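Engineer: Sharing a structure here in C-alpha cells format.
The values are calculated or read from the model by the stated rules, or taken from the named source; none is laboratory data. These numbers were taken from a predicted model, which means no experiment stands behind them. Don't worry about glycine lacking a Cβ; one is built from the backbone with ideal geometry, like all the others, and counts go over all protein chains shown. Remember, those area values only see protein heavy atoms, side chains included, never the ligands or the DNA or RNA. Shrake-Rupley method; radii C 1.70, N 1.55, O 1.52, S 1.80 Å.
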Amino acid sequence: MIELKTAGEIDKMAVTGAFVASTLATLADQAEPGVNLLHLEHRARALVAERGAVSCYWDYAPSFGRGPFRNVICLSVNDAVLHGLPHDYVLRDGDLLTMDFAVSIDGWAADSAVTVVVGDNTDPADSALVASTRRALAAGIAAAVPGGHLGDVGAAIGAVAAADGYAVNTDFGGHGIGRTMHEDPHVPNRDRPGRGLRLRPGMTLALEPWWGRGTNRLTVDPDGWTLRSADGSNTAHSEHTIAVTEQGPRILTVVR
C-alpha cells in the first residue's frame, strides 16, 4: 500500500532529510586517508544520539541480509556498493567510499547515499562513474512529476547508465519511504517509459542509481551483508529522498 503524504508531513520528512544530508557531509569531510571505517561509524552514532534520531539500520533484519544489522550507516569501499558492513579498514588514497545513511525523526524517515573519492589520487574512470550515478539521480528526480509513471523514473535513470556504458542491476533499487525506511513501491534503476504506477502528489520515494565499471552481477561477503561487483570493479551509488508535489519533485535530503 502506498500512503500519500500531506504537505505538512513532507515538511517533517524534510527535517529528517536535512539531518541525513548534514551527517553525510560531515562524514565526507572526515573520510581521509588513514581514517578507519569504524571511526566514521562511531561518529555517525554520536550524531544520531545528539539529534535524538532513530537509526533505520540498527536491528534491521530483511530477508536478504544476515541480520540484525548492528550499525547506523552502510560503508562500502571500492568494489563494494551496497549494505557495506563497517569494519576495521583504514581508508587509502584513491579509495571510493560509499556512505548510505537513513534515520527517523519524530516518526518520519529519510534516506540518502553518496560516493566520494578519498584523498587526492583520483582515477578518472572512478570520477566518471560517480558522476554518472549523480546525473542519473538528477534525471530520475526530474522525471518524478505528477501524472507521469513510475516507469518514467527508472527509464530516465537507466538511460543515463546506458549512454555512459554501464550495466544496470535491477535486483536492488529505489523504494517508497515515509513512516518507515522501506515502503512500496520498488523503483528499479532500469524501466520503460509510461509503465507502472501513476505518480501522484504526496508520493515519497528514495531514488538510488548505483552501478559498477564492469559487470552488473553481485557477490555477497561472508558477513552476509556487503554486496560487491562480481568482477571486482569499482562501484558508485547516489541517493536522495524526494517527494512528488503539485509543483514538481522536491528533494528532501538536502542541507537547509
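Engineer: Of the listed peptides 118-126, 72-80, 102-110, what is their order by residue-averaged count of other C-beta atoms within 10 Å, with the highest listed first?
Structural biologist: For the peptides 118-126, 72-80, 102-110, the packing ranking is 72-80, 102-110, 118-126.
Engineer: Can you give the Kirkwood hydrodynamic radius for the chain, in Å, rounded to one decimal and based on Cα pairs? List each step's numbers first, then the result.
Structural biologist: On the way: mean 1/r = 0.0555 Å⁻¹.
Over the chain, the inverse of the mean reciprocal pair distance is 18.0 Å.
Engineer: Could I ask something else about it? With a 1.4 Å probe and every protein chain left in place, work out the accessible area per residue of segment 110-218 in Å², rounded to a whole number. Intermediate values should be presented prior to the final figure.
Structural biologist: Details: 4290 Å² over 109 residues.
Solvent-accessible surface per residue comes out at 39 Å².
Engineer: Where the accessible area of the chain is counted over protein heavy atoms with a 1.4 Å probe, how much of it, in %, is carbon and sulfur? Don't skip to the end; give the middle numbers.
Structural biologist: On the way: 5420 of 10440 Å².
With neighbouring chains kept in place, the figure for the chain is 52 percent.
Engineer: Which three extents, in whole angstrom, do the alpha-carbon atoms of segment 12-68 cover along their principal axes, largest first?
Structural biologist: Cα spread of segment 12-68 along its principal axes, largest to smallest: 34, 31, 17 Å.
Engineer: I've got another one for you. From the gyration tensor of the Cα coordinates in segment 173-216, what semi-axes in whole Å does the equivalent ellipsoid have, largest first, with each one equal to sqrt(5λ)? Each step should come with its number before you reach the end.
Structural biologist: Details: eigenvalues 94, 45, 10 Å².
Result for segment 173-216: semi-axes of 22, 15, 7 Å.
Engineer: In terms of solvent-accessible area of protein heavy atoms at a 1.4 angstrom probe, what is the ranking of PHE101, PHE172, PHE19, highest value first?
Structural biologist: So, going from the largest accessible area down, we get PHE172, PHE19, PHE101.
Engineer: Counting heavy atoms of the protein chains only and a 1.4 Å probe, report the per residue accessible area for segment 1-75 as a whole number of Å².
Structural biologist: That works out to 47 Å² for each residue.
Engineer: With unit charges on the beta carbon (Lys/Arg positive, Asp/Glu negative), name the residue among GLY165, GLY196, PRO185 whose Cα is farthest towards the positive pole of the charge dipole of segment 111-207.
Structural biologist: In segment 111-207, that residue is GLY196.
Engineer: Continuing with the same structure: Suppose a student asked you for the relative contact order of segment 154-209, using Cα pairs under 8 Å spaced at least 6 residues apart; what percent would you report?
Structural biologist: 42
Engineer: While we're looking at this one, here's another question. Which value does Rg/Rh take for segment 1-42 over its C-alpha atoms, Rh per Kirkwood? Walk me through the numbers on the way to the answer.
Structural biologist: Working: Rg = 15.6 Å, Rh = 12.5 Å.
In segment 1-42, Rg relative to Rh is 1.24.
Engineer: Moving on to the next point. Divide the volume of the convex hull of the Cα atoms of segment 35-81 by its number of residues and quote the answer in cubic angstrom per residue.
Structural biologist: 84
Engineer: Under 1.5 on a/c is rounded, so check that first for segment 149-208, then, if it is not, pick prolate when a/b is larger than b/c and oblate when it is not; a ≥ b ≥ c are the square roots of the alpha carbon gyration tensor eigenvalues.
Structural biologist: oblate
Engineer: Are there trypsin sites (Lys or Arg not before Pro) in segment 12-115 that DSSP marks as loop and that have at most 16 other Cβ atoms within 10 Å, and which are they?
Structural biologist: The qualifying sites are ARG66, ARG70, ARG92.
Engineer: Pairs of alpha-carbon atoms within less than 8 angstrom and 6+ residues apart define the contacts here; what relative contact order does the chain have, in percent?
Structural biologist: Reported relative contact order: 24 percent.
Engineer: Relative to the Cα centre, what is the charge dipole magnitude of the chain, using +1 at the beta carbon of each Lys and Arg, -1 at the beta carbon of each Asp and Glu, and rounding to the nearest 20 debye?
Structural biologist: Computed charge dipole of the chain: roughly 640 debye.
Engineer: I've got another one for you. Give me log10 I(q)/I(0) at q = 0.20 Å⁻¹ for segment 39-147, Debye formula, one equal scatterer per alpha-carbon, no solvent.
Structural biologist: With no solvent term, the Cα-only Debye profile gives -1.16.
Engineer: Okay, next question. Please work out the FRET efficiency for the pair ASP29 and TYR89, using the Cβ-Cβ distance as r and a Förster radius of 25 Å; give the result to the nearest 0.05. If you can, show how the numbers build up before the last one.
Structural biologist: Working: r = 19 Å, r/R0 = 0.75.
The pair ASP29/TYR89 has a calculated efficiency of 0.85.
Engineer: Rg to Rh for segment 200-239: what is it, with Cα atoms only and Rh by Kirkwood?
Structural biologist: Details: Rg = 13.7 Å, Rh = 11.9 Å.
With Rh from the inverse mean 1/r over Cα pairs, Rg/Rh is 1.15.
Engineer: A further question follows. Farthest toward the dipole's positive end in segment 1-155, which of GLY119, ALA102, GLN30, given Cβ charges of +1 (Lys, Arg) and -1 (Asp, Glu) about the Cα centre?
Structural biologist: ALA102
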